[in-house]
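What follows is a short report on a single structure.
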Amino acid sequence: MNGRIVARAIFETRPAAEGNTAWVDVQVHPQFRRRGLGTALADQLETLATEDHRTSLVVYAVSKAAAGERLRSPTGFGSVPAGNAEVRFLLDRGFRLEQVNRASRLALPLAADIVDGLVEQSQQRASPDYRLHQWSGRTPDRWLDDMALLFTRMSTDAPKADLDVPEDVWTRQRLIEYEDRAETGPKTSVISVVEHRPTARLAGITELGVSAEPDRPVSQNDTIVLKEHRGHRLGMLLKAANIRSLQSTAPGHPSIITFNAEENQHMLEVNEAVGFSAIGYEGAWKKVLAPS
Ligand SMILES: CC(C)(COP(=O)(O)OP(=O)(O)OC[C@H]1O[C@@H](n2cnc3c(N)ncnc32)[C@H](O)[C@@H]1OP(=O)(O)O)[C@@H](O)C(=O)NCCC(=O)NCCS
């Protein structure tokens, strides 16, 4: 390991988000654990957070399946193995488990008749007021404002337990700058949206993050249907139509991986109907720091 990095810490804040939250992570190479590296890095993160006037630290930590006692989520949905290293580490540092997310996997390809059937069924249930649009990469100009609103609503409308996740405001300009940077990166977005025809505004979106290497899994990113448009099977329509789009524009990937709050029954039901199944769990943890 001469000259190699064996541990790292990540400190993230969102300039456009209100509130005093920072998102943090500590990762130590398995051969270098239990030597105090995690503690040293976590201490450093807390110093940084205090200097930056952050009072709430949020950590997302994957918990490997293990036998034995469980620590239950205060939401009433899900649990993590109480004896796992990350669980002991975070509890010892004063973090509280706030929410459990389910990681699910869909093996690809999904048979064409299944995808077509799901798209058709949901299109029949949604009224003709809704029209599907699809693209890869940059958002077409006409949808920039609507997409900014949908991304903003992701931060307020997805279940967030007691995590103090602040509203994260997206504007047209922020989205343009984000997509400028994304264009130079290694992933492409495959996007499906539904337009509400009477108002000519977008009602929902789903986004898949696709690597250039076909052997890598695809990541399911944001999916949202605005509150006023729920109950029309738009969630299923978006998901199924986007998988169809993925399979025609970027075939060959082994799977799609998605993370959902264990209490997010509507999203989980859609995913299960499409064919996703659980492969693991992730704890969402919070620590409240004294104001500096
Ligand atoms: C969690 C993690 C960062 C800990 O790193 P580390 O360098 O091993 O941590 P430390 O050596 O500083 O351990 C500090 C304390 O955490 C607890 N702890 C850490 N690993 C543990 C284990 N396997 N079992 C029980 N307690 C454990 C202990 O109380 C330990 O103190 P001790 O060794 O004096 O008993 C490391 O296991 C890891 O990288 N896991 C994968 C990434 C992850 O889950 N990150 C999320 C946490 S931010």
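Here, each number is a calculation from the coordinates, and none is a lab measurement. Keep in mind that what you see is a predicted model, and the values were worked out from it rather than measured. Backbone-built Cβ (ideal geometry, glycine too); neighbour counts: all protein chains shown.
Between the helical axis of 234-249 and the longest alpha-carbon principal axis of the chain there is an angle of about 90 degrees. Each residue in H29, H253 was given a count of other beta-carbon atoms within 10 angstrom of its own, and listing them fewest first yields H29, H253. Checking every one of the GluC sites (Glu not before Pro) in the stretch 43-113 against DSSP loop status and a limit of 15 other Cβ atoms within 10 Å picks out E69. With a cut-off of at most 16 other beta carbons within 10 Å, and DSSP calling the residue loop, which GluC sites (Glu not before Pro) in the stretch 116-203 qualify? Please list them. Answer in residue order: E167. Exposed loop sites were defined as trypsin sites (Lys or Arg not before Pro) in DSSP loop states (anything but H, G, I, E or B) carrying at most 11 other C-beta atoms within 10 Å; in the chain the longest segment without such a site runs 65-292.
Straight-line cross-link partners of K227 among the lysines, defined as a Cα under 24 Å from its Cα and at least 8 positions apart when in the same chain: K160, K239. Here K64 is the anchor, and the aspartates and glutamates within straight C-alpha reach of less than 13 Å, apart from those fewer than 8 places off in the same chain, are E86, E282. Compactness check for the chain: Cα Rg over 2.2 N^0.38 Å is 1.07. Computed from Cα atoms, the angle from the helix 112-125 axis to the main principal axis of the chain rounds to 80 degrees. Is the stretch 1-84 rounded, prolate or oblate when judged by the Cα gyration tensor, a ≥ b ≥ c being the square roots of its eigenvalues, rounded requiring a/c under 1.5 and prolate requiring a/b larger than b/c? Since a/c reaches 1.5 but b/c is at least a/b, the shape of the stretch 1-84 is classed as oblate.
When a footprinting reagent is the concern and you count Cβ atoms within 10 Å, what order do W170, W23, W285 take, fewest first? Lowest to highest Cβ neighbour count: W23, W170, W285. As a ratio to 2.2 N^0.38 Å, the alpha-carbon radius of gyration for the stretch 172-229 is 1.34.
Rounded to the nearest 10 degrees, the inclination of helix 37-51 to the longest alpha-carbon principal axis of the chain is 70 degrees.
Given a cut-off of under 8 Å on Cα pairs at least six residues apart, what relative contact order in percent is computed for the chain? Kindly include the intermediate steps, with their values, before the conclusion.
Values: 544 pairs, mean separation 81.7, N = 292.
Relative contact order, the chain: 28 percent.
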